[in-house]
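Okay, structure first, notes after.
The values are calculated or read from the model by the stated rules, or taken from the named source; none is laboratory data. Model, not experiment: these values are computed from the prediction. Glycine also receives a Cβ, built like all others from the backbone with ideal geometry; neighbour counts cover every protein chain displayed. Surface areas here come from the heavy atoms of the whole protein model, side chains and all, with no ligands, DNA or RNA. Shrake-Rupley method; radii C 1.70, N 1.55, O 1.52, S 1.80 Å.
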Amino acid sequence: MTSQSSTQIVPEVSLVPRHIAIIMDGNGRWATKRFMPRVAGHVKGVEAVRGIVEACAKQGVEYVTFFAFSSENWRRPEDEVTLLMRLFVTALEREVSKMHANGIRLKIVGDLSRFDDKLQKMIAGAERKTAANTRLTVTICANYGGRWDIMQAVNQMVTAHPGASDFSEAQLAPYLALAYAPEPDLFIRTGGEERISNFLLWQLAYTELYFTDTYWPDFDAAALELAISSYQQRERRFGRTSAQLTEQSPVAKC
């Protein structure tokens, strides 16, 4: 299994993060600032996703996870939610074949039961088509919440082990939505807010956090390079001391 808990073992550290997790914030404000409807910002945001996926592939990142639609986003105005769902369908129609041609695997995680049948079938088809690709795994978190993830994992684990008790992290791990991926090395949030907003609560335990005022539609390969450069200056101790790190190879200290 790819996923290993950073609270149970000290994971390997590399100069280029294996896994980057991103909250794409600021689409609506980007549009409003330009006297455009909020949906225009979301459309532009899809273009930014394409650019960051390409940049991650070139950098040698193995996994990139985008928070596209949270379980709390249903609280937004109904017309905006409807437009976001349409945009999701359009993006799948346009991007999946390109991703497949470039060796990119697509995963969609979250409570997909709330989406209509057409969208659910498109998601399943996209995942099947790209399942064997290994260059980069792109995960889209849709109708996802960190607390939902933990609870659904607990429920699955308990169901799979009737009558058992006193479970461990290792027993829970296979049931988490991103069990196929290592824990994120780098978390990026655009748009100026500095919180994780119920995103990957379990997985971000030892992730390096990076916040930027740049709105998501303006976040490009150069902005990603700045985030990775910041990450490379961090000392990833995982509970150890700085003195312990000096005894190891320079790679362990980004």
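In summary, helices (runs of 4 or more DSSP H) completely within the range 22-114 and bearing 2 or more residues that are in contact with a Lys or Arg (Cβ under 7 Å, 6 or more places away or on another chain) occur at 27-33, 78-101.
Listed by first and then second residue, the pairs with beta-carbon distance under 6 Å, at least 6 apart or on different chains, first residue in the range 79-98 and free of Cβ contacts under 8 Å to residues at least 60 places away in the same chain, second surrounded by 15 or more Cβ atoms within 10 Å (Cβ to Cβ) and β-branched (Val, Ile, Thr), are LEU83/VAL39; ALA91/VAL46. The number of residues in the range 19-32 being out of contact with any strand residue (DSSP E or B) (no Cβ under 7 Å at 6 or more places or on another chain), open to solvent by 10 Å² or more (accessible area, probe 1.4 Å) and touching a residue at least 12 places away in the same chain (Cβ under 8 Å) comes to 3. Could we say that ALA153 is touching a helix residue (DSSP H, G or I) at 6+ places or on another chain (Cβ under 8 Å) and under 22 Å from GLN203 (Cα atoms) here? Yes. Checking each residue in the range 158-179 for being more than 23 Å from the chain's Cα centre (by Cα) and hydrophobic (A, V, I, L, M, F, W, C) picks out VAL158, ALA160, ALA164, PHE167. Taking (1) on the phi > 0 side of the Ramachandran plot; (2) not in a loop (DSSP other than H, G, I, E, B) in turn, ARG128 satisfies each apart from (1).
Residue-by-condition table, conditions (1) basic (Lys, Arg); (2) within 17 Å of the chain's Cα centre (by Cα):
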{"position": "VAL96", "(1), (2)": "no, no"}
{"position": "GLY103", "(1), (2)": "no, no"}
{"position": "LYS107", "(1), (2)": "yes, yes"}
{"position": "ASP111", "(1), (2)": "no, yes"}
{"position": "ASP116", "(1), (2)": "no, no"}
{"position": "LEU119", "(1), (2)": "no, no"}
{"position": "GLU127", "(1), (2)": "no, yes"}
{"position": "LEU136", "(1), (2)": "no, yes"}
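Exactly one residue out of VAL49, VAL61, VAL16 is within 24 Å of ARG234 (Cβ to Cβ) and touching a strand residue (DSSP E or B) at 6+ places or on another chain (Cβ under 9 Å): that is VAL61.
Go over the candidates GLY145, GLY125, GLY191 one by one and state the one that is under 26 Å from SER97 (Cα atoms) and of a type outside the set (Asp, Glu). Only one candidate passes the filter, namely GLY125. Only one entry of VAL138, VAL81, VAL109 meets the criterion of being farther than 24 Å from ILE188 by Cβ and touching a Phe, Trp or Tyr at 6+ places or on another chain (Cβ under 8 Å), and that entry is VAL81.
Consider GLU93 carefully, then state whether it is charged (D, E, K, R), under 17 Å from ALA142 (Cα atoms), open to solvent by 40 Å² or more (accessible area, probe 1.4 Å) and out of contact with any His (no Cβ under 6 Å at 6 or more places or on another chain). Judged against the criteria, GLU93 is a match. The C-beta contact set for the range 145-156 (first residue under 18 Å from ILE22 (Cα atoms) and in a helix (DSSP H, G or I), second residue modelled with pLDDT of 95 or more and among the hydroxyl-bearing types (Ser, Thr, Tyr), distance under 9 angstrom, 6+ apart or interchain) comprises GLY146/SER197.
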